[in-house]
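Asks: Sharing a structure, written as structure tokens. Questions coming.
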Amino acid sequence: QVQLVESGGGSVQPGGSLRLSCAASGNIFSINAMGWYRQAPGKQRELVATITSGGTTNYADSVKGRFSISRDNAKTNTVYLQMNSLKPEDTAVYYCKAYKWPTNYWGQGTQVTVSS
């Protein structure tokens, strides 16, 4: 089992920045990849960004150039999402996901609200 705890959500004005953190615990050996997803009211959950154990990253087109996913090399079980130039359409619950073959593990989610 892998447990995930997200933090760093909140409210910010358009153009502002937030940094989300996701700490994994439990059986974290051989986690293949981690990532961030989001779900806005009335919409399906969508991919935001992922990072593999080898450091390869992938981003949704809507966040490229604004968001950055990274890992703490000293704490390989922690992943961050730096979100810059936030827009109202970025408002959603953000979920951390860890993939450890063959299972996906999810965090409880953290709310991000972008509003003036």
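The values are calculated or read from the model by the stated rules, or taken from the named source; none is laboratory data. Quantities reported herein were computed from a predicted structural model and do not represent experimental measurements. Heads up, the Cβs are rebuilt from the backbone with ideal geometry, glycines too, and the neighbour counts pull from every protein chain shown. Note: areas computed on protein heavy atoms with side chains; ligands, DNA, RNA excluded. Shrake-Rupley method; radii C 1.70, N 1.55, O 1.52, S 1.80 Å.
Asks: Over the chain, with every protein chain in place, what whole percent of the accessible area is carbon and sulfur at 1.4 Å, could you tell me?
Replies: On the way: 2940 of 6190 Å².
Solvent-exposed carbon and sulfur of the chain make up 47 percent of the total.
Asks: I would also like to ask the following. Which trypsin sites (Lys or Arg not before Pro) in region 29-82 pass both tests, a DSSP loop state and at most 12 other beta-carbon atoms within 10 Å? Write out the running numbers ahead of the final one.
Replies: Working: sites: ARG38, LYS43, ARG45, LYS64, ARG66, ARG71, LYS75; in loops: LYS43, ARG45, LYS64, ARG66.
Counting only loop positions with at most 12 other Cβ atoms within 10 Å, the trypsin sites (Lys or Arg not before Pro) in region 29-82 are LYS43, LYS64.
Asks: Relative to 2.2 N^0.38 Å, what does the C-alpha radius of gyration of the chain come to as a ratio? Two decimals please.
Replies: Details: Rg = 13.4 Å, N = 116, 2.2 N^0.38 = 13.4 Å.
That ratio works out to 1.00.
Asks: Could I have the simple spin-label model distance between ASN84 and GLN13, label points 7 Å from Cα toward Cβ, reported in nm to one decimal?
Replies: It works out to 1.9 nm between the two label points.
Asks: Now a separate question. So, for the chain, what is the accessible surface per residue at a probe of 1.4 Å, expressed in square angstrom?
Replies: Details: 6190 Å² over 116 residues.
Per residue, the chain has 53 Å² of solvent-accessible surface.
Asks: 7 Å from Cα along Cα→Cβ at both SER70 and THR113: what's the point-to-point distance in nm?
Replies: 2.9
Asks: How much length would be gained if the chain were fully extended between SER53 and ALA40, taking 0.36 nm per residue of separation minus their Cα-Cα distance, in nm to one decimal? Don't skip to the answer; put the middle values down first.
Replies: On the way: separation 13, 0.36 × 13 = 4.68 nm, distance 2.79 nm.
So the extension gain works out to 1.9 nm.
Asks: Using heavy-atom solvent-accessible surface (probe 1.4 Å) with all chains present, what is the largest-first order of ASP61, ASP90?
Replies: Working: ASP61 125, ASP90 0 Å².
Descending accessible area places them as ASP61, ASP90.
Asks: Over the chain, what is the relative contact order in percent, taking alpha-carbon pairs closer than 8 angstrom and at least six residues apart?
Replies: Numbers: 281 pairs, mean separation 42.7, N = 116.
Value for the chain: 37 percent.
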